[in-house]
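Every number in this text was worked out from the coordinates using simple rules, so none of it is lab data. Remember, predicted model here, so these are calculated numbers, not experimental data. FYI the Cβ positions are ideal-geometry reconstructions off the backbone, even for glycines, and counts take in every protein chain you see.
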Amino acid sequence: MLSEYEYQAVMLSLKVSFYAILWLIPLGIGIAWLLARKQFVGKSLVDSIVHLPLVLPPVVVGYLLLIMMGRQGVVGGWLYQTFGLSFAFNWKGAALACVVVALPLMVRSVRLSLENVDTKLEQAASTLGASPLRIFFTITLPLTIPGIITGVMLSFARSLGEFGATISFVSNIPGETQTIPLAMYTFIETPGAENEAMRLCIISIVIALASLLASEWLTRRCSKRLGAK
């Protein structure tokens with residue numbers, strides 16, 4: 001059985017990952033569509049910035065978030081003074097850190113699907129009088145669902161495993177920012193807490209594996225349904 005301490009870490013991880021996905025879906029689809037379908041000055045730079053968290057050490061990402069989104073930061077200070085919204089050292093900041101580090105995975109998955117959509121279908125709908133918005137929601141978006149599902153599941157698994165950016169940005173506060181990886185780190189540093197660390201390790205593996213299996217099953221199911229139409 002899990003202790004209250006371990007249970008809090010597991011539930012907080014699921015909560016943080018869930019809210020991160022809620023932010024990632026519209027953000028990832030929007031950026032992926034922009035990069036896949038539009039040509040503009042600085043496109044390569046935008047693409048590089050989006051994928052920067054893949055190559056930067058997570059601690060660096062967390063430190064940059066702390067500088068920008070902390071209460072004394074340029075963006076974070078304005079949000080706190082204007083709306084009373086604070087990200088540093090609370091679970092919302094942990095979710096934001098997960099959004100930043102998982103965004104490249106979401107964008108890449110959706111972008112690949114968008115680039116595989118037959119644009120002739122969109123052109124045919126346009127000649128029949130469909131608006132760009134209707135074309136997107138009735139043709140483009142349904143055909144990219146397999147990529148969206150893949151991106152969601154990969155991002156969810158990545159969010160569950162986030163450590164460096166989280167601990168740098170929101171610290172390691174039990175019940176508030178201490179997700180599974182941070183709780184494991186605490187147990188590893190605590191003599192005699194090997195069993196607790198192992199339990200959280202097993203839970204992490206089970207959740208991540210379930211996410212990947214669900215992604216594979218849903219992607220195949222959607223691909224078959226789209227192929228049958």
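For the stretch 120-169, what is the convex hull volume of the alpha-carbon atoms per residue, in Å³?
About 93 Å³ per residue, rounded to a whole number.
Mind checking which lysines have their C-alpha under 25 Å from Lys15, skipping anything on the same chain fewer than 8 residues away?
Excluding near neighbours in sequence, the set is Lys92.
Hey, what did the chain get for relative contact order, percent, Cα under 8 Å, at least 6 apart?
29
As a check on your grasp of the helix formula, calculate [θ] at 222 nm for the chain: sum -39500 (n - 2.57) over DSSP H runs of n ≥ 4, divide by the residue count, round to the nearest 500.
Computed mean residue ellipticity for the chain: -25500 deg cm²/dmol.
Under 29 Å Cα-Cα from Lys120, which lysines qualify once same-chain neighbours fewer than 8 residues away are excluded?
Lys38, Lys43, Lys224, Lys229
Taking the Cα centre as origin and putting +1 on Lys and Arg beta-carbons and -1 on Asp and Glu beta-carbons, what dipole magnitude results for the stretch 119-229, to the nearest 20 debye?
Values: 9 positive and 7 negative charges, 198 e Å.
Dipole of the stretch 119-229, to the nearest 20 debye: 940 debye.
Which ordering of Ile188, Ile139, Ile29, Ile202 is given by a fewest-first count of other beta-carbon atoms within 10 Å?
In increasing order of surrounding Cβ atoms, one gets Ile202, Ile188, Ile139, Ile29.
Place +1 on the Cβ of every Lys and Arg and -1 on the Cβ of every Asp and Glu in the chain, take the dipole about the Cα centre, and give the residue among Leu22, Ser204, Gly161 whose Cα lies farthest towards its positive end.
The residue sitting most towards the positive pole is Leu22.
Taking the Cα centre of the chain as the origin, how large is its charge dipole in debye, to the nearest 20, when only Lys and Arg (+1) and Asp and Glu (-1) carry charge on their Cβ atoms? Mind showing how you got there, number by number?
Working: 17 positive and 12 negative charges, 226 e Å.
Dipole of the chain, to the nearest 20 debye: 1080 debye.
Cα-based Rg (one decimal) and Dmax (whole number) for the stretch 108-224, in Å?
Cα radius of gyration and Dmax of the stretch 108-224 are 20.7, 70 Å respectively.
What list of ³J(HN,Hα) couplings, whole Hz, do you get for the stretch 45-55 from phi and the Karplus terms 6.51, -1.76, 1.60, once you set θ to phi - 60° and write x for glycine and proline?
5, 4, 4, 5, 5, 4, 8, 4, x, 5, 10
When N counts the residues of the stretch 1-76, how does its alpha-carbon radius of gyration compare numerically with 2.2 N^0.38 Å, as a ratio?
Values: Rg = 16.9 Å, N = 76, 2.2 N^0.38 = 11.4 Å.
Taking the Cα Rg and dividing by 2.2 N^0.38 Å, one obtains 1.48.
Tell me, what is the FRET efficiency for Asn116 and Leu85 to the nearest 0.05, using R0 = 30 angstrom and their Cβ-Cβ distance as r?
Working from the Cβ atoms, E equals 0.20.
Which whole-number percentage describes the relative contact order of the stretch 1-121, with Cα contacts under 8 Å and a sequence gap of 6 or more?
Working: 92 pairs, mean separation 45.6, N = 121.
Across the stretch 1-121, relative contact order equals 38 percent.
Out of (1) 1.15; (2) 1.29; (3) 1.61, which label holds the value of Cα Rg over 2.2 N^0.38 Å that was computed here?
(1)
Given the options Leu65, Pro104, Gly76, identify the residue whose Cα lies farthest towards the positive end of the charge dipole of the chain (+1 on Cβ of Lys, Arg; -1 on Cβ of Asp, Glu).
Pro104
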